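The values are calculated or read from the model by the stated rules, or taken from the named source; none is laboratory data. This is a predicted model, so every value here is computed, not measured. Note: ideal-geometry Cβ built from the backbone for every residue, glycine included; neighbour counts use all protein chains shown. Surface areas here come from the heavy atoms of the whole protein model, side chains and all, with no ligands, DNA or RNA. Shrake-Rupley method; radii C 1.70, N 1.55, O 1.52, S 1.80 Å.
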Amino acid sequence: MSWQAYVDTNLVGSGKVSKAAILGLKGGVWATSAGFTLSPEEQKALLTAHTNEAQTQASGLKLAGEKYFTLSVNPRSIYLKKQADGAVIVKTKQAILVAVYLAPIQAPEATPVVENLADYLISVQY
């Protein structure tokens, strides 16, 4: 399966994720949904967000120009909120999954979609 298919089918195609991207841990956007563009600065912040938990917790993150506040951060997952919308960011062995959900979708609906894809990718060494 192509990286674009993971975004289109597994994330956005689930109906629980509105916009998504997959970044390589060594840099670069592997796939993204239409109209979801992460700036080079945003990509760099995402690549270091899991290793600098205190900074991520204090400052939040920007995704496609939108500022999100950090609800929770750990070495694997980051949960963000912006008014009624939110985002789930999960690190695998070689990639970072970035998924944004828009109201009326809530975190308990979107989070398992992203976490389960991350589990699968980790199981196949990605």
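Here are a few things to note about the model shown:
- If only residues of segment 7-18 that are touching a strand residue (DSSP E or B) at 6+ places or on another chain (Cβ under 6 Å) and not in a loop (DSSP other than H, G, I, E, B) are counted, the one that is surrounded by the fewest Cβ atoms within 10 Å (Cβ to Cβ) is VAL12.
- In segment 30-51, the qualifying residues are those that are hydrophobic (A, V, I, L, M, F, W, C) and open to solvent by 70 Å² or more (accessible area, probe 1.4 Å), and the one that is nearest to ALA110 (Cα to Cα) is ALA34.
- Screening the candidates ALA31, ALA21, ALA87 for the property of being closer than 19 Å to GLU115 by Cβ, among the aliphatic types (A, V, I, L, M), in contact (Cβ under 8 Å) with a residue 40 or more places away in the chain and assigned to a strand (DSSP E or B) yields one hit, ALA21.
- On the stretch given as segment 36-51, residues that are modelled with pLDDT of 95 or more, part of a loop (DSSP other than H, G, I, E, B) and closer than 16 Å to ALA99 by Cβ total 3.
- In segment 94-112 there is no residue matching the filter, namely being more than 14 Å from the chain's Cα centre (by Cα), at positive phi and not in a strand (DSSP E or B).
- Picking from residues in segment 52-74 that are assigned to a loop (DSSP other than H, G, I, E, B) and more than 21 Å from LYS19 (Cα to Cα), the one that is least open to solvent (accessible area, probe 1.4 Å) is ASN74.
- Of the set (1) closer than 19 Å to ILE78 by Cα; (2) modelled with pLDDT under 95, all apply to MET1 but (1).
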